[in-house]
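Colleague: I'd like to ask some things about the structure below.
The values are calculated or read from the model by the stated rules, or taken from the named source; none is laboratory data. Remember, it's a predicted structure, so these values are computed and weren't measured experimentally. Here the Cβ positions follow ideal geometry from the backbone for every residue, glycine too, while neighbour counts run over all protein chains shown.
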Amino acid sequence: MSGKNTDMRTPLARVRGLGSAREGTGHFWRQRLTAIANIPLILFFVGFLIALNGADHEHVRAALANPFVALVMALVLISGLTHMRIGMQVIIEDYVHGEGMKLALIALNTFFTIAVGVASIFALLKLAFGG
């Protein structure tokens, strides 16, 4: 088989370097990296919630005004939402069989994640900068 091409992908897929799922191993690694990143981030988030349990609005706003806390909270949101989007996309790709419905659900999944992310980051910035 030295002279034969045993690659079963389409010519376009070979040029792009993508597998049959059109995503290659990128999804796999992004999902694993966000899962690993979420461990310390979620631990920080839970600790932050416990530390501020029962605190008034001004105390929470002052805690979020700390640049380190605001940055970590933004990372919690970004990493968590990215992990969620990738996970839902994998579920949609595995269990929705109609191509049109699959495409619509993947688009809605992405739009939902962006909307939640923008609203959450806006709320975080508003609290951190005293709105």
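Colleague: If we scan the range 59-67, do we find a residue that is charged (D, E, K, R) and within 15 Å of residue 27 (Cβ to Cβ)?
Modeller: Within the range 59-67, not a single residue is charged (D, E, K, R) and within 15 Å of residue 27 (Cβ to Cβ).
Colleague: A follow-up question, please. Just need a number here: residues in the range 72-101 that are more than 20 Å from residue 43 (Cα to Cα) and either touching a helix residue (DSSP H, G or I) at 6+ places or on another chain (Cβ under 6 Å) or touching a residue at least 12 places away in the same chain (Cβ under 8 Å) (or both).
Modeller: Total meeting the criteria: 9.
Colleague: Of everything in the range 65-102, what is hydrophobic (A, V, I, L, M, F, W, C) and over 22 Å from the mean Cα position of the chain (by Cα)? Give them in sequence order.
Modeller: 65
Colleague: Please indicate, with yes or no, whether at least one residue in the range 58-66 is over 21 Å from residue 43 (Cβ atoms) and of a type in the set (A, V, I, L, M).
Modeller: Yes: one or more hits.
Colleague: Identify, from the list 25, 34, the residue that is hydroxyl-bearing (Ser, Thr, Tyr), in contact (Cβ under 8 Å) with a residue 40 or more places away in the chain and out of contact with any Phe, Trp or Tyr (no Cβ under 9 Å at 6 or more places or on another chain). Step through it out loud before you land on a result.
Modeller: Numbers: 25 fails: in contact (Cβ under 8 Å) with a residue 40 or more places away in the chain.
Criteria check complete, one pass: 34.
Colleague: Filter the range 53-71 down to the residues that are of a type in the set (A, V, I, L, M, F, W, C) and in a helix (DSSP H, G or I), then identify the one that is surrounded by the fewest Cβ atoms within 10 Å (Cβ to Cβ).
Modeller: By that ranking, first place goes to 68.
Colleague: Further question on the same structure: Within the range 66-85, identify whether any single residue is over 21 Å from residue 35 (Cα atoms) and of a type in the set (A, V, I, L, M), and answer yes or no.
Modeller: No - not one qualifying residue is present in the range 66-85.
Colleague: Could I ask something else about it? Just a yes or no: is a residue in the range 72-86 at pLDDT below 95 and farther than 20 Å from residue 31 by Cβ?
Modeller: No - not one qualifying residue is present in the range 72-86.
Colleague: Enumerate the pairs (first residue in the range 110-121 and more than 11 Å from residue 78 (Cβ to Cβ); second residue anywhere and basic (Lys, Arg)) with beta-carbon separation below 7 Å, excluding pairs fewer than 6 apart on the same chain, so at least 6 apart or on different chains.
Modeller: Sorted first by the residue in the range 110-121, then by its partner, the pairs are 110/85.
Colleague: A follow-up question, please. How many residues does the range 72-94 contain that are surrounded by 18 or more Cβ atoms within 10 Å (Cβ to Cβ) and of a type in the set (Gly, Ala, Ser)?
Modeller: 2
Colleague: Counting only residues that are part of a loop (DSSP other than H, G, I, E, B) and among the aliphatic types (A, V, I, L, M), which one in the range 2-47 is modelled with the highest pLDDT?
Modeller: Going through the qualifying residues, I end up with 8.
Colleague: With respect to residue 50, is the statement that it is surrounded by 11 or more Cβ atoms within 10 Å (Cβ to Cβ) and either touching a Gly at 6+ places or on another chain (Cβ under 7 Å) or assigned to a helix (DSSP H, G or I) (or both) true?
Modeller: For residue 50, the condition - surrounded by 11 or more Cβ atoms within 10 Å (Cβ to Cβ) and either touching a Gly at 6+ places or on another chain (Cβ under 7 Å) or assigned to a helix (DSSP H, G or I) (or both) - is not met.
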